[in-house]
Amino acid sequence: MHGSEGALAGWNDVTCAMLAANGFAALAHRYNGVGDYPEHRNIDDVPLEGTVGALEWLRDATAEWACKIGLFGASRGAEKALLLAQLLAEDGHPALPAAVAVHSPPDAIWPAYIFSDFHTGKAWAGDWARPAWSWKGAHERTRPGLPLAAEHYPGPIFLTQGEADQVWSAEMAHRLVARLTAAGRAPEAHFFDGEDHVLRSPANDKAFAMRLAFLIRTLSASGSR
């Protein structure tokens with residue numbers, strides 16, 4: 001799942017192509033509409049049930065191979081992946097993914113991303129009272145500012161983060177790892193010195209190889225290709 005750069009920025013499709021080249025059935029999930037980049041749809045009161053439907057569709061489409069389903073998200077997509085995994089686990093929902101991988105995640109729920117707010121020439125002008133996500137038509141569990149309770153998710157979690165991230169501070173990822181570890185749910189976490197929100201090619205290649213190994217280990221029946 002993409003971040004605030006939008007579904008049609010192309011990153012989702014590249015990621016899916018790379019996963020497919022390594023034997024995975026991959027779905028680029030465009031959770032906030034299909035507006036043209038950069039004039040994409042806002043991340044504003046997006047129903048999380050849309051991603052539940054995508055998980056269920058992928059599970060049904062691959063049922064004859066008894067595939068396990070994983071979830072990967074970057075930036076706002078990482079936030080959504082962790083939040084959805086948490087809620088599905090708390091509700092005992094059958095669409096719960098078998099593994100979750102994230103890049104540059106926050107440790108709390110952020111408010112709506114309104115694209116026009118970023119055309120003001122000023123610092124981010126978002127409304128902290130405006131939710132980015134809804135769950136079952138409500139916002140009690142998706143309210144901006146609530147900590148992400150990823151420790152409620154029982155499956156394995158993989159995390160990558162650039163230490164020099166200028167979009168979302170790496171401190172958020174460090175706090176998330178510390179909270180998971182304290183709860184006995186330590187993730188596989190990799191921090192890259194000197195790297196920004198989007199990793200440069202050598203670091204990105206290394207992160208992808210690590211993520212691929214994690215997905216092979218956690219999603220394939222044998223733990224190997």
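Give the accessible surface of the chain per residue, rounded to a whole number of Å², with probe radius 1.4 Å and ligands, DNA and RNA excluded. Numbers along the way, then the final one.
Values: 10560 Å² over 225 residues.
Per residue, the chain has 47 Å² of solvent-accessible surface.
With a 1.4 Å probe and all protein chains kept in place, how much accessible area does S116 have, in Å² rounded to the nearest 10?
Ignoring ligands and nucleic acids, S116 comes out at about 70 Å².
So, taking all protein chains as they sit and a 1.4 Å probe, how much accessible area belongs to Y31, in Å² rounded to tens?
Around 20 Å² of this residue is reachable by solvent.
Lysine pairs in the chain with Cα distance under 28 Å, only those 8 or more apart or on different chains: how many are there?
Numbers: K68/K80; K68/K136; K68/K206; K80/K122; K80/K136; K80/K206.
Lysine pairs, 8 or more places apart or on different chains, close enough: 6.
First compute the accessible area of the chain with a 1.4 Å probe, then give the percent of it belonging to carbon and sulfur atoms.
Values: 5820 of 10560 Å².
Here carbon and sulfur together make up 55 percent of the probe-accessible area.
Ordering C67, C16 by how much accessible area each has at a 1.4 Å probe, largest first, what is the list?
Details: C67 65, C16 25 Å².
Heavy-atom accessible area, descending, gives C67, C16.
Please list R175, R76 in order of solvent-accessible area, largest first, computed with a 1.4 Å probe with all protein chains present. Don't jump to the answer; show the numbers that get you there.
Numbers: R175 115, R76 10 Å².
In descending accessible area the options line up as R175, R76.
Going by a ≥ b ≥ c, the root eigenvalues of the Cα gyration tensor, does segment 62-178 fall in the rounded group (a/c under 1.5), the prolate group (a/b larger than b/c) or the oblate group? Each step should come with its number before you reach the end.
Details: a/c = 1.95, a/b = 1.50, b/c = 1.31.
Prolate is the answer for segment 62-178, as a/c is 1.5 or above and a/b outweighs b/c.
At 222 nm, what value in deg cm²/dmol follows for the chain if DSSP H runs of at least 4 each add -39500 (n - 2.57) and the sum is divided by all its residues, to the nearest 500? Intermediate values should be presented prior to the final figure.
Numbers: 5 runs with 71 residues, N = 225.
Calculated from helices alone, the mean residue ellipticity at 222 nm is -10000 deg cm²/dmol.
Cα gyration tensor of segment 1-115, axes a ≥ b ≥ c as square roots of the eigenvalues: rounded (a/c below 1.5), prolate (a/b > b/c) or oblate? Walk me through the intermediate numbers first.
Details: a/c = 1.78, a/b = 1.24, b/c = 1.44.
Judged from the Cα gyration tensor, segment 1-115 comes out oblate (a/c at least 1.5, b/c at or above a/b).
Explain nothing, just the number: relative contact order of the chain, from Cα pairs under 8 Å at least 6 residues apart, as a whole percent. List each step's numbers first, then the result.
Details: 406 pairs, mean separation 42.0, N = 225.
In percent, rounded to a whole number, it is 19.
Sorting W135, W65, W128 by accessible area (1.4 Å probe), largest first, what list results? Don't skip to the answer; put the middle values down first.
Details: W135 15, W65 160, W128 120 Å².
From most exposed to least exposed: W65, W128, W135.
How long are the semi-axes of the ellipsoid equivalent to segment 50-89, from square roots of 5 times the Cα gyration tensor eigenvalues, in whole Å, largest first? Don't jump to the answer; show the numbers that get you there.
Working: eigenvalues 86, 20, 15 Å².
Equivalent ellipsoid of segment 50-89: 21, 10, 9 Å, largest first.
The values are calculated or read from the model by the stated rules, or taken from the named source; none is laboratory data. What you are looking at is a predicted structure, and each value in this text was computed from that prediction instead of being measured. Heads up: the accessible areas ignore ligands, DNA and RNA and are worked out on the full protein's heavy atoms, side chains in. Shrake-Rupley method; radii C 1.70, N 1.55, O 1.52, S 1.80 Å.
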